[in-house]
Each structure stands twice: as structure tokens, then as C-alpha cells.
1. Mind listing whichever residues of the stretch 197-241 are of a type in the set (Ser, Thr, Tyr) and in contact (Cβ under 8 Å) with a residue 40 or more places away in the chain?
2. Which pairs have Cβ atoms under 8 Å, sit 6 or more apart or on different chains, and link a residue in the stretch 121-133 that is more than 13 Å from Thr93 (Cα to Cα) and touching a residue at least 40 places away in the same chain (Cβ under 8 Å) to one that is crowded, with 24+ Cβ neighbours inside 10 Å and acidic (Asp, Glu)?
3. Within the group Arg303, Arg272, which residue is surrounded by fewer than 20 Cβ atoms within 10 Å (Cβ to Cβ), out of contact with any helix residue (DSSP H, G or I) (no Cβ under 9 Å at 6 or more places or on another chain) and at negative phi?
4. Does the stretch 83-95 contain at least one residue that is at pLDDT 90 or above and among the polar types (S, T, N, Q)?
5. Pick out the one residue from Arg288, Arg258, Arg303, Arg276 that is charged (D, E, K, R) and either in contact with a Cys (Cβ under 7 Å, 6 or more places away or on another chain) or modelled with pLDDT of 95 or more (or both).
6. Can you find even one residue in the stretch 144-156 that is free of Cβ contacts under 8 Å to residues at least 24 places away in the same chain and among the hydroxyl-bearing types (Ser, Thr, Tyr)?
7. Among the residues of the stretch 93-134, write down those that are surrounded by 24 or more Cβ atoms within 10 Å (Cβ to Cβ), assigned to a helix (DSSP H, G or I) and not hydrophobic (A, V, I, L, M, F, W, C).
Amino acid sequence: MSSPVNAGPLPYGAPGAATPDGFESTPQRLRRTLRTRPAEGLLRRSVSSAGNLFRGDDYPHRLAEAAAGAQAPVATGRRIAVVGSRGGAGKTTLAALLGSVYSSMRTDAVTVLDNAPSGGTLALRTGVPDAASLDIAAAELSRRPPTSLADLSALLTPAGRGNLLVTGRRGTGGRPTADDAAAKALSLAISRYCPITVMDCGTGLELPSTRWALSQSHLAVFATTASVAGLEDAGLYATAWRRDPALAAVPLLVVVVRNQPDGPFRADAEARRLTRMGIDAVGLGYDRHLAAGVEISLALLARRTRLEAASLAAGVLARATA
């Protein structure tokens, strides 16, 4: 009997796809429902629309201002590594959100790489759960280096409007994981054709796959929860970052994520507190659509979240190109 350790991760299952007995499984049903549920309920949206009839709504102007930085021209490819201290911190949500925002606001190609050791959900969050892994793309690149964006796009999986290029979960189907050299070669090749690459890395700073990604990046985004443990993690990791010779030269941005609607901590307030401590930090508030853990649709985010996401993407790109 084969060991469960060697078994590949379970497939996500297509939304609404029937099981062999003709019925949806519970995960399939929930995914089908949650992927189309907006962050704001009908009552809240109705009240907001009614209020806008009696006052000037400057939301489109504010959104355009927040988005301007995400559309800034990029002279050379920028690589952004997203890391976290523990599972559930929101790093994959951040990576997918950044990739979705950039690709929706730009006409050039944007890449998001799932660089977690195994079982990553970045491809699912970007709407292409069957995307080929970084390992497959790296192996193909070693045999046939791309000479154009079209060649590169053939190695990856397009998502969204087609200008978001994605790699899927690593270590699937019994395939070996690409070594550091092959993964680095892929990331550098991508940077020749894509102005922005976002890498979703494994938890912690010790994994070799995370360390090479951080050493190759122009900015590290550290995701942490708006909680006692999460805020303590932010301080400890920022201190460790400054003392690590291999990482100290890479700028670090902490993103405090509120992943519970009724948590006692406000993400923006805690981010300001970290900033006063000398840690570059911003907050991302709770959003029901983001917290569902399914495909991210920017149209289903709350208005406040869309503003925060656009501002976050602009700030991240500004730091990565500074």
C-alpha cells in the first residue's frame, strides 16, 4: 500500500460538478455559492445606492486616484515576494489580490507564481485551479527558453482578461520540485517580459524556496493577522529581517489583515501603530468575499475594500520601484 505522504493533494473539483453518484459534494456546493456572493449584502448595497441619490458620490474619483499608482509605467521587471508567519495569515489572498488588481488596471502582462512547497491555492484564487505548476514551467524553460512574451505565455496559464499569467500548486502528480536554479531562471525570464511578478511563498523565512524568492525580490510583503499573535509576529519578523544579512537589503512591507468580521483589532489602526514603531505597515480590512477563500472577483468586493486594494497595489509597486 502506498504511503499517504506520497499521495498528491486532492483536486479542488469544478464548481457545481457532479460526483460519480450524481450529486455535488459539500465543498463543490460551497465553492459554487461563495464565488458569486458579493461582500456587501443586498440591504447594504441598496442603502448605499439610495444615499448616493441625495449626495454627490466621489467614490469613482477616489478609486481612480487610488488606482493611478498601480498603472505607473515600470522600466524593468519588478518581483514582489509575499510571505507570512503562519497559515491563515492571508498571504495567498494578498498575492492573488495584488495580481488581480494589477492585471485589471494594466494592459501589459502580470505574473503570479505559486512558490509554496505544496498544496498552494493561488491558482484557485485566481480562477484557474488546473494551472500548470512552477516546476513544469521551469522544466520546460530549461529545454526551450522563451524568446518572446508569446513563448512565455505558453509556459504559464492565462487568467482573468488573459494578461494575468499563473502557475499552479507545486509538487503535484508525483513530479519532482524544481531546484532553486531552475526556479530562479524562470523568475528572471518572466521579468524580461512582465513588468510585475508576484510570488506567493511558503510560511516562515527558513524554506530554501522562500529564501531564494526573497533574495531575488525588489520588495517583500509580509502578511499577518490583526490579532495578538499576528501583531507580535510582525515585530519579531521585522527585527529578524533587519539582522539577516541576506534579507536586510530587501524592503519589507507588513500588511495587517483583518480576517474576522468581529475581531477586536482594526487593521488600519494596528498598521499605524506598527509604523510608529518603525515598521512600514498598512492595513487591509475584513471583506466577506476575500475571506471566503474562493476565486477573487474585484467586482464582488466591498467598495471600501476596492479602495484599499487599489491603494495597496499602488503602494506596493511604488516601494518595489523606489
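1. Across the stretch 197-241, the qualifying residues are Thr197, Thr203, Ser209, Thr210, Ser217, Thr224, Thr225, Tyr237.
2. Ser133/Asp114
3. Arg272
4. There is at least one residue in the stretch 83-95 that is at pLDDT 90 or above and among the polar types (S, T, N, Q).
5. Numbers: Arg288 fails: either in contact with a Cys (Cβ under 7 Å, 6 or more places away or on another chain) or modelled with pLDDT of 95 or more (or both); Arg258 fails: either in contact with a Cys (Cβ under 7 Å, 6 or more places away or on another chain) or modelled with pLDDT of 95 or more (or both); Arg303 fails: either in contact with a Cys (Cβ under 7 Å, 6 or more places away or on another chain) or modelled with pLDDT of 95 or more (or both).
Result of the check over Arg288, Arg258, Arg303, Arg276: Arg276.
6. Yes, the stretch 144-156 has at least one match.
7. Those that are surrounded by 24 or more Cβ atoms within 10 Å (Cβ to Cβ), assigned to a helix (DSSP H, G or I) and not hydrophobic (A, V, I, L, M, F, W, C): Thr93, Gly99, Ser100, Tyr102, Ser103, Arg125.
This table checks each residue for (1) out of contact with any Leu (no Cβ under 7 Å at 6 or more places or on another chain); (2) surrounded by 21 or more Cβ atoms within 10 Å (Cβ to Cβ); (3) within 17 Å of Arg86 (Cβ to Cβ).
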site: Ser227; (1), (2), (3): yes, no, yes
site: Arg243; (1), (2), (3): yes, no, no
site: Gly278; (1), (2), (3): yes, no, no
site: Ile296; (1), (2), (3): no, yes, no
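The values are calculated or read from the model by the stated rules, or taken from the named source; none is laboratory data. All of these numbers come straight from a predicted model, not from anything done at the bench. Cβ coordinates were reconstructed from backbone atoms using ideal geometry, including for glycine residues, and neighbour counts include every protein chain displayed.
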